[in-house]
1. Identify, please: which residue in region 30-49 is polar (S, T, N, Q), closer than 26 Å to Ala77 by Cα and out of contact with any Asp or Glu (no Cβ under 6 Å at 6 or more places or on another chain) and is, among those, surrounded by the fewest Cβ atoms within 10 Å (Cβ to Cβ)?
2. Please indicate, with yes or no, whether at least one residue in region 33-42 is touching a residue at least 24 places away in the same chain (Cβ under 8 Å) and touching a Leu at 6+ places or on another chain (Cβ under 8 Å).
3. Filter region 1-28 down to the residues that are of a type in the set (A, V, I, L, M, F, W, C) and assigned to a helix (DSSP H, G or I), then identify the one that is nearest to Val41 (Cα to Cα).
4. Looking at (1) closer than 18 Å to Leu17 by Cα; (2) in contact with a Lys or Arg (Cβ under 8 Å, 6 or more places away or on another chain), which one does Arg45 not meet, given that it meets all the others?
5. Among the residues that make up region 36-49, is at least one of them more than 12 Å from the chain's Cα centre (by Cα) and at pLDDT below 90?
6. Report whether or not Arg53 is touching a Leu at 6+ places or on another chain (Cβ under 8 Å), of a type outside the set (A, V, I, L, M) and either surrounded by fewer than 11 Cβ atoms within 10 Å (Cβ to Cβ) or without any contact (Cβ under 8 Å) to a residue 40 or more places away in the chain (or both).
7. Go over the candidates Gly79, Gly58 one by one and state the one that is farther than 20 Å from Glu21 by Cβ and not in a helix (DSSP H, G or I).
8. Can you give me the number of residues within region 1-24 that are under 22 Å from Gly96 (Cα atoms) and surrounded by 12 or more Cβ atoms within 10 Å (Cβ to Cβ)?
Amino acid sequence: MNLKQLKAKGGVVDATLVKKEVIWAHVDPKTGKPVTDKFTVHVRRQSFGVIERLFAPGEAEESRNAKYISASVLLGANGDEALSYEDAFSLESSLGFAILAAVNEANGTGKEQAKN
């Protein structure tokens, strides 16, 4: 395979956002009843180098997963709302993991992909 073929097959990450559905099961804080919300996030696919940098040792005071989410997730109908590191860090736990699953799926970085 040459470089042109590699790029044509998606081997080099481009700037196209990937729409992913997130399903968040949680308790409504007002009613105390279980609810399920479904919504779409726009995921910026990350290159090998960016992911390596995000998960590099030496920044123990920051959450690596919150950095990964904030670097990758855009909200809003058109994917034009950035999610800051502080907001990603402050996500309710089950929501954070649901969004992280969408990011992992779009980037091929989840547990299933690690087995390959």
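1. Thr36
2. yes
3. The extreme case among them is Ala8.
4. (2)
5. no
6. It is false that Arg53 is touching a Leu at 6+ places or on another chain (Cβ under 8 Å), of a type outside the set (A, V, I, L, M) and either surrounded by fewer than 11 Cβ atoms within 10 Å (Cβ to Cβ) or without any contact (Cβ under 8 Å) to a residue 40 or more places away in the chain (or both).
7. The match here is Gly58.
8. Residues meeting the conditions: 5.
The values are calculated or read from the model by the stated rules, or taken from the named source; none is laboratory data. The structure displayed is predicted, hence computed values, not measured ones. Heads up, the Cβs are rebuilt from the backbone with ideal geometry, glycines too, and the neighbour counts pull from every protein chain shown.
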